[in-house]
Amino acid sequence: MFKIAKANLAAPFISGSLEMESGDQELLAQFCVSEGWIGDLANGVIKMGHLSSILHGLSSTECGLLKLMRCYDTHDHARILQLFEQAATASSSFCFSTTVLTQGYQRQPIFCVGESIGTEEQHSGSMVGVFLFPRFKLGESDRLVSRQ
């Protein structure tokens, strides 16, 4: 799944949808590890939380876009780079899913939802988003069907 759209994530999708009840947070935590990230378009640095860096197989919580891309399934590189390039040139919302190869040679699914802001102004702008890691891994022989 690779999508980009001009949208305003700050505006509620449905009235009251920005509020999360404690039961919803517990349910999300039961099924996923979720963690926010930010990207500075001026210097190209992406900052993520400690858990996200571990699940990406990175040694630091900061990295460049190309280093992040190397973590992902090679079949998805071009499409994910295209999303980031589009988001860097016009404020927009985007999402993608891919997998990360873990040290045990299993593939960890990952979902990313984010938005870019301030790209039309004189400064370079920034990105903000969340990584979602389902609490399961796929074996070497498991294949994901790619959808667009």
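The values are calculated or read from the model by the stated rules, or taken from the named source; none is laboratory data. Since we're looking at a predicted model, the values are computed, not measured. Ideal geometry is used to build each Cβ from the backbone, glycine not excepted, and the neighbour counts take in all protein chains shown. With ligands, DNA and RNA removed, areas are computed over all heavy atoms of the protein, side chains included. Shrake-Rupley method; radii C 1.70, N 1.55, O 1.52, S 1.80 Å.
Yes or no: I117 within 22 Å of A29 (Cα to Cα) and either open to solvent by 30 Å² or more (accessible area, probe 1.4 Å) or modelled with pLDDT of 95 or more (or both)?
The answer is no for I117.
Considering only region 92-108, state which residues are under 18 Å from I38 (Cα atoms), among the polar types (S, T, N, Q) and either in contact with a Phe, Trp or Tyr (Cβ under 6 Å, 6 or more places away or on another chain) or open to solvent by 30 Å² or more (accessible area, probe 1.4 Å) (or both).
Passing the criteria: only S97.
Considering each of I80, I38, I14 in turn, give the residue that is surrounded by 11 or more Cβ atoms within 10 Å (Cβ to Cβ), at pLDDT below 95 and either of a type in the set (A, V, I, L, M, F, W, C) or more than 15 Å from the chain's Cα centre (by Cα) (or both).
Answer to the check: I80.
For residues that are in contact with a strand residue (DSSP E or B) (Cβ under 7 Å, 6 or more places away or on another chain) and polar (S, T, N, Q), scanning just region 76-95, find the one that is nearest to G125 (Cα to Cα).
S91
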